[in-house]
Amino acid sequence: MKKLIYLDYASTTPVDKRVLKKMNDYFTINGIFGNPSSYSNIFGIKAKNAVEKARSDIANIIGSKEEEIIFTASATESINLAIKGIITNYSNNYDQKNIITSISEHKAVLETCNYMKKLGIKIIYLKNSNIGSIDLNILEKKITNNTILISIMHINNEIGTINNIKYIGNICKQKNIIFHVDATQSIGKYKLNLKKINIDLLSFSAHKFYGPKGIGVLYIRNNKKKFKISPLIHGGGQEKGIRSGTLAVHQIIGMAKALNISVNEIDKEKKRIKKLKKQLWDGIKNINGIYINGDFKNSSPYIINIGIKDIFNKILMMEMKNIAISSSSACISNTHTSHVLKSLGLTEKLIQSSIRFSFGRFTTKKEIYFTIKYLHFIVKKIRKNI
Ligand code: PLP
């Protein structure tokens, strides 16, 4: 098999050609290349207008106001800004405050919390159910009068588990706790309307929905809770002083275009992807010793994480080199074993036999058909040689 098959869309997506075409108008002397902060000249004004149009498009799609959108360089940066930006305001009494999060969050959340922990703040880590989602009763029990922030992801990037962010948002509203959601795996794939969900802070980035890398958003609700976000990056005061630095106009334009396309195609695409996930599982579920990590039904159609007993994932991935799959999240697959799979109670051996397939816009039935055939063939080959 010569053709390469990409099934690692949860790690990143290729830029859609329609997005690239739009971005191309924002680089050269013939295009809109000005600095949106230098709006004393026409070049800057044009750039500022383009940025504000993109901001307004993104705001409309997620149900927010324009002024609630802050551009960053990545979801990781947005998450850092959300958590550190809130907590820094309590530096006089860190030891009396706590943050609640879960053990299966992305490292961007876990490592930021770890950093805050070193400064003296208490972090309460929620365990998962055996399918990887938050137990809402346990969450409510863990809340104390000193809980200032709850940070929970919408869709888990390794196993696709979906958390009930609407319910958690309601608890946070009742108890006057700030709620941050890492929506990196759901924006562009799920319709999120922030008018209907009580989320105070929301992080995401464009490269997960066919936009460019290097651009993200932190949504900051402007409401009665009146919380303040302290900046991490100081400088020219862009983005209301919350995130200084010249705005990456071409990236922002690309992000808005990519989100527009994704949202317009959302229902049709989700249906198509759901069928592909089922096709894959139906085709491989009879492999001896195969198991699903998480839950097939109550999870994102875009992700499936499976394991095959006694088949080491590193060997499997080496053998299947024409098919891009992953052993876990992109940022940990080369270093540590998966904390998410560990949180499901898997042994080290089972974790090392697990792989993630993630589907996207350019995945076809034919590719899944090939993947099924190839997986059967490779598993047989490896077992023969053991
Ligand atoms: N959160 C989740 C759930 C993710 O899947 C990722 C990326 O894999 C991130 C955060 C970090 O996103 P970025 O690469 O934009 O920093």
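The values are calculated or read from the model by the stated rules, or taken from the named source; none is laboratory data. Predicted model only: the values in this text are computed from it and were never measured. Cβ: placed from backbone, ideal geometry, glycine included. Neighbour counts: every protein chain shown. The accessibility values were calculated without ligands, DNA or RNA, using every heavy atom of the protein model including side chains. Shrake-Rupley method; radii C 1.70, N 1.55, O 1.52, S 1.80 Å.
Summary of computed values
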read-out	value
Subset of the stretch 280-305 (residues that are part of a strand (DSSP E or B) and under 13 Å from His376 (Cβ atoms))	Ile290
Residue within the stretch 341-360 that is buried (at least 22 other Cβ atoms within 10 Å of the Cβ), in contact with a strand residue (DSSP E or B) (Cβ under 6 Å, 6 or more places away or on another chain), within 20 Å of Lys270 (Cβ to Cβ) and of a type outside the set (S, T, N, Q) present	yes
Enumeration of residues in the stretch 220-250 that are closer than 18 Å to Ser56 by Cα, polar (S, T, N, Q) and surrounded by fewer than 15 Cβ atoms within 10 Å (Cβ to Cβ)	Asn222
Hits in the stretch 188-219 (condition: of a type in the set (Val, Ile, Thr) and farther than 12 Å from Gly63 by Cα)	Ile215, Val217
Pairs with Cβ under 7 Å, 6+ apart, first in the stretch 31-56 and free of Cβ contacts under 8 Å to residues at least 40 places away in the same chain and of a type in the set (Lys, Arg), second open to solvent by less than 50 Å² (accessible area, probe 1.4 Å) and outside any helix (DSSP H, G or I)	Lys46/Ile32; Lys46/Gly34; Lys48/Pro36
The stretch 129-174, residues that are within 16 Å of the ligand (Cβ to nearest atom), small (Gly, Ala, Ser) and over 14 Å from Asn198 (Cα atoms)	Gly132, Ser133, Gly160
Some residue of the stretch 199-209 being open to solvent by less than 40 Å² (accessible area, probe 1.4 Å) and more than 16 Å from the ligand (Cβ to nearest atom)	yes
Contacts under 6 angstrom Cβ, first residue in the stretch 337-353 being more than 12 Å from Asn293 (Cβ to Cβ), partner β-branched (Val, Ile, Thr) and at pLDDT 90 or above, 6 or more apart	Thr337/Ile351
Breaking point among (1) farther than 19 Å from Asn80 by Cα; (2) within 20 Å of the chain's Cα centre (by Cα); (3) surrounded by fewer than 24 Cβ atoms within 10 Å (Cβ to Cβ), for Gly188	(3)
